[in-house]
Amino acid sequence: MSFYKGMTAGPVTIKGHNGDEIGAYQARPDGPGPFPGVVLIHHLPGWSELYIEFTRKFAHHGYAAISHDLYHRIGQGDPEEVAAKARAEGGVSDAQVVGDTEGAVNWLKAQGSKKIGVIGSCSGGRQAFMYACNTKSIDAVVDLWGGRVVQAEDDRPEKQPVQPLDMTKDLSCPLLGLFGNDDRAPSPEQVDMHEAALKQHGKDYEFHRYDGAGHGFFYYHRPLYRVEQALDGWEKVFAFFEKHLKG
């Protein structure tokens with residue numbers, strides 16, 4: 001595996017859903033490229049320092065990476081305050097997420113990326129899977145403990161009217177899923193349902209479940225962090241993208 005000590009990184013503006021201009025952060029290795037691409041979909045707590053760092057992490061591993069701000073239309077400023085406003089508004093619509101993510105994918109293609117993967121955690125894991133079921137534009141997708149892939153019958157808000165589980169038949173690329181067995185959103189039972197649907201529709205996927213880990217076990221800045229499980233999880237993420245984006 002190659003590591004890139006030099007990179008170019010910083011904010012950019014991309015065209016998202018309905019042609020709206022939204023903010024994003026990109027990082028790419030120094031050198032001529034082209035490099036395979038990775039789009040990072042941030043979690044419910046917002047477009048925060050964590051996702052900026054993750055974006056640079058992928059550049060270090062040889063990818064042109066971009067993380068777009070799903071909450072750009074709600075406001076800029078402190079990520080926690082903007083995320084609180086987003087939650088008060090019921091989050092962002094699934095249609096808008098698909099459009100914004102397609103914009104990030106198109107931005108990477110314009111930079112020369114031939115193969116592109118998408119990764120997200122928490123709500124972003126749900127959205128990454130959902131996006132992969134609503135596009136033919138990508139080559140691999142990673143769902144990190146995505147909650148609400150399975151939605152209860154009374155959990156079908158206007159902005160998220162269809163549970164991603166019902167979209168499984170349209171999954172367009174290989175899927176990697178990482179989950180903690182102590183999580184409740186998704187619970188192990190919901191992960192079972194997700195896996196059963198993937199098997200039913202003959203999809204290319206691999207799931208890994210971790211004992212002693214709950215939700216957000218990659219989040220080194222929170223008590224949720226589980227170092228051994230996170231180290232193994234990152235290895236699996238990079239091996240998966242190496243296979244499908246660099247192979």
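Taking the Kirkwood radius as Rh and the Cα radius of gyration as Rg, the chain has a ratio of Rg/Rh equal to 0.93. Taking only alpha carbon atoms, region 160-224 gives an Rg to Rh ratio of 1.01, where Rh is the Kirkwood radius.
Name the GluC sites (Glu not before Pro) in region 23-105 that are in a loop by DSSP and that have at most 16 other C-beta atoms within 10 Å, would you? When the GluC sites (Glu not before Pro) of region 23-105 are filtered for loop state and at most 16 Cβ neighbours within 10 Å, E89 remain.
Pairs from the table (K57/K243; K15/K109; K114/K243; K57/K136) lying more than 20 angstrom apart at Cα are K57/K136. Label reach from T8 (point 7 Å along Cα→C-beta): in region 87-128, amide nitrogens under 20 Å belong to 104-116. In the context of the full protein assembly, T135 retains an accessible surface of approximately 10 Å², using a probe radius of 1.4 Å and ignoring ligands and nucleic acids.
Remark on region 1-112: Rg and Dmax equal 14.0, 44 Å (Cα only).
Among the chymotrypsin sites (Phe, Trp or Tyr not before Pro) found in region 173-247, those both in a DSSP coil and sparsely packed, with 14 or fewer other Cβ atoms within 10 Å of their Cβ, are Y220, Y225. If you count the DSSP beta bridges with both ends in the chain, what percent of them are antiparallel, to the nearest 5? About 35 percent, rounded to the nearest 5. Applying 0.36 nm per residue to the separation of E81 and H221 and subtracting their alpha-carbon distance, the gain on full extension is 48.6 nm. Counting only protein chain heavy atoms and rolling a 1.4 Å probe, the accessible areas of D154, D182, D94, D192 rank, largest first, as D154, D182, D192, D94. Counting other Cβ atoms within 10 Å, keep those with at most 16, restrict to DSSP loop, and tell me which GluC sites (Glu not before Pro) in region 213-244 are left. Listed in order of number, the matching sites amount to none.
The values are calculated or read from the model by the stated rules, or taken from the named source; none is laboratory data. This is a predicted model, so every value here is computed, not measured. FYI the Cβ positions are ideal-geometry reconstructions off the backbone, even for glycines, and counts take in every protein chain you see. What goes into the accessible areas is simple: the full protein's heavy atoms, side chains included, and nothing from ligands, DNA or RNA. Shrake-Rupley method; radii C 1.70, N 1.55, O 1.52, S 1.80 Å.
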